[in-house]
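Asks: Could you have a look at this structure, given as structure tokens, before my questions?
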Amino acid sequence: MASALSQGVAALSIGTCFYRPQTPKRVWIAAVLCSVVPDMDVIGFWSGIHYGDFWGHRGFTHSLVFASLLASIVTFSIFRRLSSGIGRFVLFAYLFLATASHGVLDAMTNGGPGVAFFSPFDPTRYFLPWRPIRVSPIYVHGFLSARGCAVSKASFGEFGFRRFSLGDWW
């Protein structure tokens, strides 16, 4: 299921490609934050912004341009105080991939209008051809609701977390 938790796990997983023992912990924290920032667009629901609008959910903040802008801003702000161990380009690449992974995971869900990967140049919303991820409720109260728990349970079951008992291993 696509959620803030799974987005953060994806960012840390991507980070394994960029791991260096001397990399400061704030780099990993920044990547996790970058991976969840795109969903800040849900604030627009309270101000009358519609789902399919430029600033709507899965719109500009889920685009590759936004991922580049956010990665650039965070790279510049972190790199000024960053000790050696990770270069500016490597940090940018990691933060870009962490942010862009959010849209990719959302494009693999079974709900919503798709992701505007190429916004602001093209407002078209896309899904990937393979959509195995169940869409989760957007708000925390929905995430903890009966539907949210059912989606979580079904999602974990799909990946085999509950399919094996100890007897299956013998």
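Each reported figure results from applying straightforward, stated rules to the coordinates on display, with no laboratory input. The model shown is predicted, which means the values in this text are computed figures rather than measured ones. So basically every Cβ, Gly included, is an ideal-geometry build from the backbone, and we count neighbours across all protein chains shown.
Asks: I want to check the label-to-label distance for R134 and R88. Put each point 7 Å from Cα in the C-beta direction and report it in nm to one decimal.
Replies: Taking the two extended label points, one gets 4.6 nm.
Asks: Obtain the nm distance between the two label points defined at V42 and F76 by a simple spin-label model: each point lies 7 Å from its Cα along the Cα-to-C-beta direction.
Replies: Modelled inter-label distance: 3.0 nm.
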